[in-house]
1. Which of the residues belonging to the range 80-120 are under 19 Å from Gly132 (Cβ atoms) and without any contact (Cβ under 8 Å) to a residue 24 or more places away in the chain?
2. Answer with yes or no whether Ala48 is among the aliphatic types (A, V, I, L, M), free of Cβ contacts under 8 Å to residues at least 60 places away in the same chain and in contact with a strand residue (DSSP E or B) (Cβ under 9 Å, 6 or more places away or on another chain).
3. List every residue pair whose Cβ atoms lie under 7 Å apart, where the two residues are 6 or more positions apart in sequence or sit on different chains, the first residue falls within the range 171-185 and is of a type in the set (Gly, Ala, Ser), and the second residue, located anywhere, is surrounded by 12 or more Cβ atoms within 10 Å (Cβ to Cβ) and at pLDDT 70 or above.
4. Is at least one residue of the range 116-126 more than 12 Å from the chain's Cα centre (by Cα) and among the charged types (D, E, K, R)?
5. Given the conditions (1) farther than 30 Å from Leu20 by Cβ; (2) at pLDDT 65 or above; (3) in a helix (DSSP H, G or I), which single one is not true for Thr156?
Amino acid sequence: MPKNPIRLRQEVLNTILAELISERHPEITPERILTDPKKSRNMPDLMARLNGLRVVVECEIGDSAAARTKALDSAKNRIDEGIAAVAVALVYAPELAAQSSVAKVKALMRSQQTAFEVAVVTDASVTAYSTGHLDYVCTVLHEAWRELLEEDALNTAVAEIDTAVEAFANTIDGYPKIGEKLASTLGIQGAPDKKVEASDE
(Lines give C-alpha, C1' and ligand atoms only; values in the text may rest on other atoms or scores of the structure.)
Protein backbone atom coordinates (compact mmCIF):
# COMPACT_ATOMS: atom_id res chain seq x y z
CA MET A 1 0.00 0.00 0.00
CA PRO A 2 1.39 3.49 -0.87
CA LYS A 3 2.88 5.45 2.03
CA ASN A 4 0.62 8.44 1.25
CA PRO A 5 -2.49 7.21 -0.61
CA ILE A 6 -4.26 9.92 -2.60
CA ARG A 7 -7.64 10.70 -1.05
CA LEU A 8 -8.21 14.28 -2.19
CA ARG A 9 -8.09 15.59 -5.74
CA GLN A 10 -5.52 18.21 -6.62
CA GLU A 11 -8.33 20.69 -7.36
CA VAL A 12 -9.32 20.52 -3.69
CA LEU A 13 -5.77 21.39 -2.65
CA ASN A 14 -5.72 24.26 -5.14
CA THR A 15 -8.91 25.71 -3.70
CA ILE A 16 -7.61 25.49 -0.14
CA LEU A 17 -4.28 27.02 -1.13
CA ALA A 18 -6.00 30.00 -2.78
CA GLU A 19 -8.20 30.52 0.26
CA LEU A 20 -5.27 30.49 2.70
CA ILE A 21 -3.10 32.75 0.56
CA SER A 22 -5.82 35.41 0.24
CA GLU A 23 -6.56 35.05 3.95
CA ARG A 24 -2.96 35.88 4.91
CA HIS A 25 -2.16 38.25 2.06
CA PRO A 26 -5.23 40.24 0.90
CA GLU A 27 -3.19 41.86 -1.90
CA ILE A 28 -3.04 38.44 -3.58
CA THR A 29 -6.54 37.94 -4.95
CA PRO A 30 -7.49 34.60 -6.53
CA GLU A 31 -9.45 35.01 -9.77
CA ARG A 32 -10.01 31.45 -10.87
CA ILE A 33 -9.54 27.99 -9.43
CA LEU A 34 -10.26 25.10 -11.74
CA THR A 35 -12.59 22.42 -10.53
CA ASP A 36 -13.49 20.96 -13.92
CA PRO A 37 -10.92 18.27 -14.84
CA LYS A 38 -11.98 18.44 -18.51
CA LYS A 39 -10.75 22.05 -18.73
CA SER A 40 -7.65 21.68 -16.58
CA ARG A 41 -5.51 20.89 -19.62
CA ASN A 42 -6.24 24.26 -21.18
CA MET A 43 -6.41 26.65 -18.23
CA PRO A 44 -4.07 27.29 -15.29
CA ASP A 45 -4.71 25.55 -11.98
CA LEU A 46 -4.91 28.91 -10.23
CA MET A 47 -4.93 32.51 -11.42
CA ALA A 48 -4.53 35.45 -9.06
CA ARG A 49 -3.63 39.13 -9.02
CA LEU A 50 -0.77 40.55 -6.99
CA ASN A 51 -1.02 44.36 -6.83
CA GLY A 52 -2.66 44.28 -10.25
CA LEU A 53 -0.17 41.84 -11.75
CA ARG A 54 -1.61 38.57 -13.04
CA VAL A 55 0.03 35.47 -11.63
CA VAL A 56 -0.69 31.85 -12.48
CA VAL A 57 0.18 28.82 -10.39
CA GLU A 58 0.62 25.37 -11.90
CA CYS A 59 0.49 22.61 -9.31
CA GLU A 60 1.40 18.95 -9.01
CA ILE A 61 1.34 16.43 -6.19
CA GLY A 62 4.44 14.39 -5.42
CA ASP A 63 7.99 14.34 -4.20
CA SER A 64 9.56 13.22 -7.47
CA ALA A 65 11.54 14.87 -10.25
CA ALA A 66 8.69 14.05 -12.61
CA ALA A 67 6.22 16.15 -10.59
CA ARG A 68 8.64 19.09 -10.47
CA THR A 69 9.32 18.89 -14.19
CA LYS A 70 5.63 18.70 -15.08
CA ALA A 71 4.73 21.71 -12.94
CA LEU A 72 7.65 23.75 -14.29
CA ASP A 73 6.86 22.91 -17.92
CA SER A 74 3.26 23.98 -17.39
CA ALA A 75 4.40 27.26 -15.80
CA LYS A 76 6.73 27.96 -18.74
CA ASN A 77 3.89 27.34 -21.17
CA ARG A 78 1.73 29.95 -19.41
CA ILE A 79 4.43 32.58 -19.92
CA ASP A 80 4.86 31.56 -23.57
CA GLU A 81 1.10 31.84 -24.07
CA GLY A 82 1.10 35.35 -22.59
CA ILE A 83 -1.52 34.46 -19.98
CA ALA A 84 0.44 36.01 -17.11
CA ALA A 85 3.55 38.02 -16.31
CA VAL A 86 4.62 35.58 -13.58
CA ALA A 87 4.03 31.83 -13.43
CA VAL A 88 4.76 29.70 -10.41
CA ALA A 89 5.39 25.97 -10.44
CA LEU A 90 4.28 24.50 -7.12
CA VAL A 91 4.57 20.93 -5.87
CA TYR A 92 2.45 19.72 -2.96
CA ALA A 93 3.76 17.20 -0.47
CA PRO A 94 1.95 13.86 -1.00
CA GLU A 95 0.76 13.86 2.61
CA LEU A 96 -1.55 16.80 1.86
CA ALA A 97 -3.56 14.76 -0.63
CA ALA A 98 -3.61 11.81 1.76
CA GLN A 99 -5.72 13.62 4.37
CA SER A 100 -9.28 12.54 5.01
CA SER A 101 -10.81 16.01 5.32
CA VAL A 102 -10.46 19.61 4.18
CA ALA A 103 -9.97 20.73 7.79
CA LYS A 104 -6.91 18.51 8.13
CA VAL A 105 -5.45 19.84 4.87
CA LYS A 106 -5.93 23.42 6.04
CA ALA A 107 -4.22 22.67 9.34
CA LEU A 108 -1.28 21.08 7.54
CA MET A 109 -0.95 23.90 5.01
CA ARG A 110 -0.90 26.44 7.83
CA SER A 111 1.81 24.49 9.63
CA GLN A 112 5.35 25.85 9.49
CA GLN A 113 6.47 22.24 9.09
CA THR A 114 4.68 21.71 5.77
CA ALA A 115 6.94 22.40 2.83
CA PHE A 116 5.94 23.49 -0.66
CA GLU A 117 8.38 23.30 -3.55
CA VAL A 118 8.21 26.40 -5.74
CA ALA A 119 9.94 27.78 -8.83
CA VAL A 120 9.20 31.08 -10.57
CA VAL A 121 9.07 31.69 -14.31
CA THR A 122 9.07 35.07 -16.06
CA ASP A 123 10.03 36.22 -19.54
CA ALA A 124 13.50 36.99 -18.21
CA SER A 125 14.31 34.01 -16.01
CA VAL A 126 13.45 30.62 -14.55
CA THR A 127 14.47 30.02 -10.95
CA ALA A 128 15.54 26.73 -9.45
CA TYR A 129 13.11 25.02 -7.08
CA SER A 130 13.24 26.13 -3.47
CA THR A 131 11.32 24.86 -0.47
CA GLY A 132 9.37 26.66 2.22
CA HIS A 133 6.10 26.97 4.12
CA LEU A 134 2.99 28.86 3.01
CA ASP A 135 4.29 32.34 3.89
CA TYR A 136 7.46 31.57 1.96
CA VAL A 137 5.37 30.87 -1.14
CA CYS A 138 3.86 34.35 -0.82
CA THR A 139 7.31 35.86 -0.28
CA VAL A 140 8.48 34.27 -3.53
CA LEU A 141 5.52 35.86 -5.34
CA HIS A 142 6.32 39.30 -3.94
CA GLU A 143 9.99 39.00 -4.91
CA ALA A 144 9.03 38.06 -8.47
CA TRP A 145 6.73 41.10 -8.59
CA ARG A 146 9.54 43.42 -7.48
CA GLU A 147 11.94 41.95 -10.02
CA LEU A 148 9.43 42.55 -12.80
CA LEU A 149 9.07 46.17 -11.73
CA GLU A 150 12.85 46.56 -11.86
CA GLU A 151 12.97 44.95 -15.32
CA ASP A 152 10.25 47.29 -16.57
CA ALA A 153 12.09 50.32 -15.16
CA LEU A 154 15.32 49.23 -16.85
CA ASN A 155 13.60 48.60 -20.18
CA THR A 156 11.95 52.02 -19.99
CA ALA A 157 15.29 53.71 -19.27
CA VAL A 158 16.99 51.94 -22.19
CA ALA A 159 14.14 52.91 -24.52
CA GLU A 160 14.38 56.54 -23.42
CA ILE A 161 18.15 56.59 -24.01
CA ASP A 162 17.73 55.06 -27.47
CA THR A 163 15.11 57.66 -28.35
CA ALA A 164 17.31 60.53 -27.11
CA VAL A 165 20.35 59.28 -29.04
CA GLU A 166 18.33 58.89 -32.23
CA ALA A 167 16.84 62.38 -31.85
CA PHE A 168 20.30 63.88 -31.30
CA ALA A 169 21.72 62.05 -34.31
CA ASN A 170 18.89 63.38 -36.48
CA THR A 171 19.51 66.90 -35.19
CA ILE A 172 23.22 67.00 -36.09
CA ASP A 173 22.77 65.13 -39.35
CA GLY A 174 22.89 68.42 -41.27
CA TYR A 175 26.00 69.60 -39.45
CA PRO A 176 28.86 67.29 -40.45
CA LYS A 177 31.49 69.33 -38.56
CA ILE A 178 29.71 68.68 -35.27
CA GLY A 179 29.60 64.98 -36.05
CA GLU A 180 33.29 64.93 -36.93
CA LYS A 181 34.20 66.77 -33.74
CA LEU A 182 32.20 64.34 -31.58
CA ALA A 183 33.65 61.35 -33.39
CA SER A 184 37.17 62.66 -32.81
CA THR A 185 36.51 63.37 -29.15
CA LEU A 186 34.96 59.95 -28.55
CA GLY A 187 37.54 58.10 -30.65
CA ILE A 188 34.94 56.87 -33.12
CA GLN A 189 36.15 56.16 -36.63
CA GLY A 190 33.95 57.13 -39.55
CA ALA A 191 32.90 54.88 -42.40
CA PRO A 192 35.72 53.89 -44.82
CA ASP A 193 36.22 56.27 -47.74
CA LYS A 194 34.60 54.85 -50.87
CA LYS A 195 37.51 55.97 -53.07
CA VAL A 196 39.97 54.09 -50.88
CA GLU A 197 37.79 50.97 -51.01
CA ALA A 198 37.63 51.20 -54.80
CA SER A 199 41.40 51.57 -55.20
CA ASP A 200 41.99 48.56 -52.92
CA GLU A 201 39.92 46.44 -55.24
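The values are calculated or read from the model by the stated rules, or taken from the named source; none is laboratory data. Since the structure is predicted, the reported quantities are computational estimates derived from the model, not experimental observations. Don't worry about glycine lacking a Cβ; one is built from the backbone with ideal geometry, like all the others, and counts go over all protein chains shown.
1. Ala107, Leu108, Ser111, Gln112, Gln113, Thr114, Ala115
2. So Ala48 passes the test.
3. These pairs meet every condition: Gly179/Ile172.
4. Yes: one or more hits.
5. In the conditions (1) farther than 30 Å from Leu20 by Cβ; (2) at pLDDT 65 or above; (3) in a helix (DSSP H, G or I), Thr156 misses (2) alone.
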